1. Of the residues 539, 520, 505, which is without any contact (Cβ under 8 Å) to a residue 40 or more places away in the chain, buried (at least 24 other Cβ atoms within 10 Å of the Cβ) and not acidic (Asp, Glu)?
2. Is the stretch 212-225 home to any residue that is modelled with pLDDT under 90, over 26 Å from residue 476 (Cα atoms), open to solvent by 30 Å² or more (accessible area, probe 1.4 Å) and of a type outside the set (Gly, Ala, Ser)?
3. Which residue out of 450, 485, 402, 421 is under 27 Å from the mean Cα position of the chain (by Cα), among the small types (Gly, Ala, Ser) and closer than 25 Å to residue 519 by Cβ?
4. Taking the stretch 167-180, which residues are touching a helix residue (DSSP H, G or I) at 6+ places or on another chain (Cβ under 7 Å), part of a helix (DSSP H, G or I) and not polar (S, T, N, Q)?
5. Go through (1) modelled with pLDDT under 90; (2) open to solvent by 10 Å² or more (accessible area, probe 1.4 Å) and name the single condition residue 108 misses.
6. Please work out which residue is modelled with the highest pLDDT, limiting yourself to the stretch 246-278 and to residues that are open to solvent by 60 Å² or more (accessible area, probe 1.4 Å), assigned to a helix (DSSP H, G or I) and of a type outside the set (A, V, I, L, M).
7. Restricting the first residue to the stretch 53-64 and requiring it to be over 14 Å from residue 39 (Cα atoms), which pairs with a second residue that is among the hydroxyl-bearing types (Ser, Thr, Tyr) meet a Cβ separation below 9 Å and a spacing of at least six or different chains?
8. Cβ contacts < 8 Å: first residue closer than 18 Å to residue 2 by Cβ and without any contact (Cβ under 8 Å) to a residue 12 or more places away in the chain, restricted to the stretch 467-485; second residue assigned to a loop (DSSP other than H, G, I, E, B) and not charged (D, E, K, R), any location; separation 6+ or different chain. Result?
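The values are calculated or read from the model by the stated rules, or taken from the named source; none is laboratory data. This is a predicted model, so every value here is computed, not measured. Cβ placement follows ideal geometry from the backbone for every residue including glycine, while neighbour counts extend to all protein chains displayed. Side chains included, ligands, DNA and RNA excluded: accessible areas come from the protein's heavy atoms. Shrake-Rupley method; radii C 1.70, N 1.55, O 1.52, S 1.80 Å.
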Amino acid sequence: MVSVLELGLAALPLLVVAVLLVGLLWPATRAMPIAWITALVVGYFAWNMPPDWLAAASIVGVMTALSILWIVFGALLLLYTLIQAGAFDRINRGFATISDDRRVQIVLLGFFLATFIEGAAGFGTPAAVVAPLLLGLGFPALAAVIAAIIGHIIAVTYGAVGTPIIIGIQDPLASTGFQEEISQGGYTVAEYSTEVAAWAATYHTLVGFVMPLFAVGMVVYFFGDRNERSLAPAWEVAPLCLFSGIAFAVPYWLSAWFFTAEFPSLIGSMVGGAIVVSALKAGYFLPDTRWDFPPREEWPDHWVGTIEPGENGATTGQPDEATATDGGIPSGPEMSLLRAWSPYVLLVVLLVITRAVDPISAFINRPIFIIEWSGILGTDLANGIAWMNVPGFWLLVSAVLAIPIFSMSGGQVSAAWREAAEKLVSPFIALVFVIAMVQVMINSGAHPGAPAEGSMIVVLAQATANLFGPAYPAVAALIGALGAAMAGSNTVSNITFGGFQFEAAQQLGLPTQIIVGAQAVGGAIGNLVAIHNVVAALATVGLVGQEGRVMRLNLIPLVYYATFVGFWAMLFSYVLFPNLF
């Protein structure tokens, strides 16, 4: 039985984060080193972690941070390449041909494009790609990040071509002694994991189809007229948002149940996006009035960082028709929309091919392309950086291919690389310490002589299960969200808590697929407030330091999602499907 003291100590690093980041609105560059030190102290004195294990766990975090920074750098480089080439202005006008209404742009980019990229790449890529796009279209940086993070959440369970299910659920269950219990239910581990994925899609469909409306509502309420905050502009486009959510959810759900756990997000976004764009071009669901942000001079300072939004292409720093010289492509009508979009089209194609085509995926994951450290400092810990498989590499490749596409000059190319590199300093500090803290907490139960209660993370989860008892289905998703909020990864959350959720369900006599499916959904929604995901997204729009504001706002959709997933989990477990395995 976990004592109150043990529970308080396990939660202490998270409480430090909550107070400093969310309560006092400290920037992550100041708050996270303190949280990391707190985790070291708790790990050493309360969890008996030797100094070499504390250091090794921190090194694991640093290596993970470098992988994420690789993504951030690639996203920034691609952004600045398009800015220097003038392509962002052309993209802006391209969206205006469908609608220049910001609410419609949130649906098209913040939902459909973000869910597609999540399905193809995962690992924080959607926000790193979509937030800069919205910024370039004239969104305040903070609004761009909020829209991009909220918009892609429904797709996270199947991110990077099913990685959270295959690596996070299937592989751990196959290697942790649950095969016998699963076989008694008439499943192989692979079949069982596929059914878990299908139940997760059911939760997402029932709860997440309103996320386009949620994203629009968050933006119009918090970034509209500050003197007259209202959701009325969101209700004006509710038909479009709900139609978009359903157009995504139906093929998404069907794919999860009848095809594969790897492609629901890709299929949902492609099919749904095609339906919605066709409807908009045919004149359906377009709003009667145009909604936009207040004039730029009325924006609070915390809305914008070091990258100025592209208000009609005038303030992003790209050349206009009169000034584009020295080989640059002017942002005038001679640049086709396809040409302006082509680096992002290439990016999506490269991500899909490198993840969906097995021979290519196997090639780029060969040991020669992985920087790996096993037995770090003599411990059992290990980590690696698959530098070619990480989406950052393909973002960089897309940026390099954009140079001849736009006939860019050497000066434009060097300016893009210089600005991208300069923007990495603040996120580097924040990410290194936040992930080092997470790894200390996760590995606090892995060293010889560790407490029998398990790591800090396991202690927190067990205390939650013991507290709620028969009401456990209502909080199963919150446990998954806790893991993802700390680790910034649905996959890591599933690895950490998937087996625990399975065992808790069995002990309580609950259907395991329904409970583990709720875990897979919780691992997705935890990304709304995952510290280093937020830091990475803010870095791509030049707004590092506003992590607390993003997390505070994103608590709203997180509470909505967790509450209703909990409701459906209770209903499924005790009323509709109590006899499932």
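1. Details: 539 fails: without any contact (Cβ under 8 Å) to a residue 40 or more places away in the chain; 520 fails: without any contact (Cβ under 8 Å) to a residue 40 or more places away in the chain.
Being without any contact (Cβ under 8 Å) to a residue 40 or more places away in the chain, buried (at least 24 other Cβ atoms within 10 Å of the Cβ) and not acidic (Asp, Glu) holds for just one of 539, 520, 505, which is 505.
2. Yes, the conditions are met somewhere in the stretch 212-225.
3. On the way: 450 fails: under 27 Å from the mean Cα position of the chain (by Cα); 402 fails: closer than 25 Å to residue 519 by Cβ; 421 fails: closer than 25 Å to residue 519 by Cβ.
On inspection, the qualifying residue turns out to be 485.
4. Looking only at the stretch 167-180, we keep the residues that are touching a helix residue (DSSP H, G or I) at 6+ places or on another chain (Cβ under 7 Å), and these are 167-170, 172-174, 176, 178-179.
With the extra rule that they be part of a helix (DSSP H, G or I), the set shrinks to 167-170, 172-174, 179.
167, 168, 169, 172, 173, 174, listed by residue number.
5. Condition not satisfied by residue 108: (1).
6. So the residue we want is 253.
7. Correct list of pairs: 64/489.
8. 468/475
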